[in-house]
Each structure stands twice: as C-alpha cells, then as structure tokens.
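The values are calculated or read from the model by the stated rules, or taken from the named source; none is laboratory data. Everything numeric here is computed off the predicted structure, so don't read it as measured data. Please note: Cβ atoms are built from the backbone with ideal geometry, for glycine as well, and neighbour counts cover all protein chains shown.
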Amino acid sequence: MNPYMQQVIETAQFIRKRIHADPEYGLVTGTGLAVCAEAFEPIASIPYRETPHFPFSTLSGHPGRIQFGSTSGKQIIVMQGRCHLYEGYSPGQVVFPIRVMQELGVRILILSNAAGGVNPQYHSGDILIITDHINLTGSNPLAGPNEDHWGVRFPDMGLAYDPQLIRLAATVSADLKIPIKMGVYAGLHGPSLETPAEIRYLRLIGADAVGFSTVHETIAAVHARMAVLGISIITNVHNPEKPEPTTVEAVISVAEKAGPSLSKLIRTILLSF
C-alpha cells in the first residue's frame with residue numbers, strides 16, 4: 001500500500017472512531033460558506049489541525065473543521081473549508097478530504113465555492129448550479145499510479161456533475177423560490193485574479209464562472225464513483241471593459257450573505273432523496 005493511501009485510511013479510521021457512523025452524504029464549504037454546516041443537527045466537530053495527515057487552509061473564511069451532523073435521519077459529513085493549489089498544496093493534498101470521505105462511505109457529494117462571474121448576465125449574490133467544468137489548473141489529482149481500489153485508470157468525465165442532482169436542485173430551488181443560474185465553472189490555479197484578457201478568453205471557451213477550487217475535488221469524486229453536485233455563489237462579476245478591483249473581504253461578505261439561502265437549498269435537496 002502506498003503512503004498516501006495509508007494516510008487516507010488512518011485519517012478515516014480516526015474520524016470514524018469519533019463519529020461512530022459511516023455517512024452517505026458529504027459537503028465541502030467554500031470561502032465564507034461555513035454557515036452551511038448549521039443546516040444540520042451537530043453531532044461531532046473535529047478541527048483539521050487535530051486530525052492526522054489532514055491539510056488545513058491558511059485563509060480567512062475557511063474555519064478548518066470536520067463537522068458531522070444529521071437531518072431527518074440522513075447523516076452528513078461537512079468539511080468546513082478547503083485547501084488550494086495556490087497555498088502550496090499538491091493536487092493529492094487538495095483532494096485528500098475527498099479520499100477520506102470515500103473511505104468513510106460517502107456516495108453523494110456537494111461541493112460549494114465562491115466564484116467570480118464571467119457570464120455578463122450574472123449578478124453578485126447569484127447561486128450557480130455547475131453543469132460542467134473546465135480544468136485550467138495545469139494539473140490533475142489522478143496523475144501518477146492509479147489506485148484500483150479507488151477507481152478506474154481513465155474515469156469518464158462526460159457527466160461529472162450528476163444530471164439527477166442537477167434536476168433535483170432545479171426543482172427544489174423553484175419550490176423554495178430561490179433563483180438559480182446554471183453554467184460552466186472554470187478552475188484556475190490562482191492566487192492572482194484574472195486579467196481582462198483572461199476574462200475575454202474564458203467567455204470565448206464557454207465559462208460562466210471562475211474560481212480556484214472544485215475541479216480537482218470533482219475529478220477525485222468521479223474517480224471514487226460519487227454523485228457530485230457543484231454550487232457556486234457568484235461574489236462579483238467581471239467586466240473586462242471596465243475592470244474593478246476585488247478584495248477577499250468583499251468576496252467573503254457576499255458569500256456570507258448568500259449562505260442562509262444556500263444552506264436552505266442544500267438541506268432541502270438532501271431531504272428530497
């Protein structure tokens with residue numbers, strides 16, 4: 001067994017002893033979206049820094065906690081915050097939480113993030129259901145020897161974001177009267193934000209939103225045969241003709257304001273299974 005897989009198994013065993021269950025549902029919260037964990041009855045909380053081998057974010061807006069909770073008998077594990085390539089982590093470290101969730105038995109994964117709007121029809125605060133992604137990070141978490149225990153060598157990404165979950169999200173959002181958009185997410189390495197020329201390029205290749213996370217986690221989750229639902233909060237909209245500065249504080253502020261609606265949406269989606 002390679003050292004990476006051994007670490008994943010050891011971490012999963014550590015968590016399992018504290019939650020005494022194997023959750024079927026998983027959630028990763030993006031920048032400013034940790035409030036989404038409050039949609040579930042809390043059972044256990046474990047700081048990333050106290051979890052063996054677990055990578056932790058160095059950023060504000062990412063509390064760095066593993067939360068275990070339930071809602072109507074459905075058990076869910078929530079990663080409050082994530083690490084990123086631009087922090088110096090490798091693709092394997094970025095998807096380490098996904099591999100741990102795989103070992104714990106998670107079959108349905110919801111990935112949330114804060115993203116910049118590329119589509120000029122979007123507005124700050126919009127909720128975007130991701131229908132597809134473009135990996136522009138220059139890396140892939142599956143590079144290197146394949147672990148057959150985890151998945152096949154060449155996983156098909158044609159339906160990376162589960163169509164049934166996308167339809168369910170659309171139905172639930174309509175019932176709750178929570179407006180949503182649907183579109184393509186482009187994942188970049190970061191941390192520098194996009195130039196006007198890069199925004200024009202992203203529009204040209206079909207991106208609707210852009211961010212520095214999610215694509216690697218989705219690739220690992222598809223490899224793990226999980227059903228994935230991706231959701232972005234559009235925190236700002238890029239206008240390449242009239243570029244305006246964006247700050248981390250502004251991104252977190254918009255994400256936090258949208259958090260309650262997103263929490264309600266996620267909780268109702270889980271209850272609809």
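Say whether the condition of being acidic (D, E), under 26 Å from S139 (Cα atoms) and touching a helix residue (DSSP H, G or I) at 6+ places or on another chain (Cβ under 9 Å) is met by at least one residue in the stretch 221-242.
Our first condition is that a residue be acidic (D, E); within the stretch 221-242, this holds for 241.
With under 26 Å from S139 (Cα atoms) added as a condition, the list becomes none.
No - not one qualifying residue is present in the stretch 221-242.
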Any hit, the stretch 152-170, residues being closer than 24 Å to A12 by Cβ, out of contact with any strand residue (DSSP E or B) (no Cβ under 7 Å at 6 or more places or on another chain) and touching a residue at least 60 places away in the same chain (Cβ under 8 Å) = yes
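Regarding the stretch 99-119, can at least one residue be identified that is in contact with a Lys or Arg (Cβ under 6 Å, 6 or more places away or on another chain) and within 30 Å of E244 (Cβ to Cβ)? Give the steps one after another, and end with the answer.
Initial filter on the stretch 99-119 (in contact with a Lys or Arg (Cβ under 6 Å, 6 or more places away or on another chain)): 118.
When the remaining residues are screened for being within 30 Å of E244 (Cβ to Cβ), the result is 118.
Yes.
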inquiry  = Kindly evaluate G138 against the criterion of being more than 30 Å from R16 (Cβ to Cβ), free of Cβ contacts under 8 Å to residues at least 60 places away in the same chain and of a type outside the set (K, R).
reply    = yes
remark   = Restricting the stretch 14-57 to residues that are surrounded by fewer than 14 Cβ atoms within 10 Å (Cβ to Cβ) and not charged (D, E, K, R), the one farthest from V254 (Cα to Cα) turns out to be H20
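With respect to L159, is the statement that it is within 18 Å of the chain's Cα centre (by Cα) and modelled with pLDDT of 95 or more true? Steps first, please.
On the way: within 18 Å of the chain's Cα centre (by Cα): yes; modelled with pLDDT of 95 or more: yes.
Yes; evaluated as a whole, the condition is true for this residue.
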message = Any residue that is small (G, A, S), under 28 Å from L168 (Cβ atoms) and crowded, with 23+ Cβ neighbours inside 10 Å - is there at least one of those in the stretch 104-112?
response = yes
query = What are the pairs, 6+ residues apart or on separate chains, where a residue within the stretch 23-52 that is over 29 Å from G125 (Cα atoms) and without any contact (Cβ under 8 Å) to a residue 12 or more places away in the chain has its Cβ under 8 Å from a residue that is aromatic (F, W, Y) and outside any strand (DSSP E or B)?
reply = none
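Quick test for you: out of P240, P245, pick the one residue that is over 14 Å from the mean Cα position of the chain (by Cα) and touching a residue at least 40 places away in the same chain (Cβ under 8 Å). Break it down into steps so the answer makes sense when it comes.
Values: P245 fails: touching a residue at least 40 places away in the same chain (Cβ under 8 Å).
On inspection, the qualifying residue turns out to be P240.
Here are A186, A197, A174: which of them is among the aliphatic types (A, V, I, L, M) and closer than 22 Å to L59 by Cα? Quick ask: steps written out before the conclusion?
Values: A197 fails: closer than 22 Å to L59 by Cα; A174 fails: closer than 22 Å to L59 by Cα.
None of the other options fit; the residue is A186.
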ask   = Where residues in the stretch 114-130 are polar (S, T, N, Q) and over 12 Å from V184 (Cβ atoms), which of them is surrounded by the most Cβ atoms within 10 Å (Cβ to Cβ)?
value = S124
message = Checking the conditions here, which among S232, S263, S192, S213 is more than 15 Å from the chain's Cα centre (by Cα) and at negative phi?
response = S192
request  = Could you tell me whether K264 is among the charged types (D, E, K, R), surrounded by fewer than 24 Cβ atoms within 10 Å (Cβ to Cβ) and either assigned to a loop (DSSP other than H, G, I, E, B) or touching a Phe, Trp or Tyr at 6+ places or on another chain (Cβ under 8 Å) (or both)?
outcome  = no
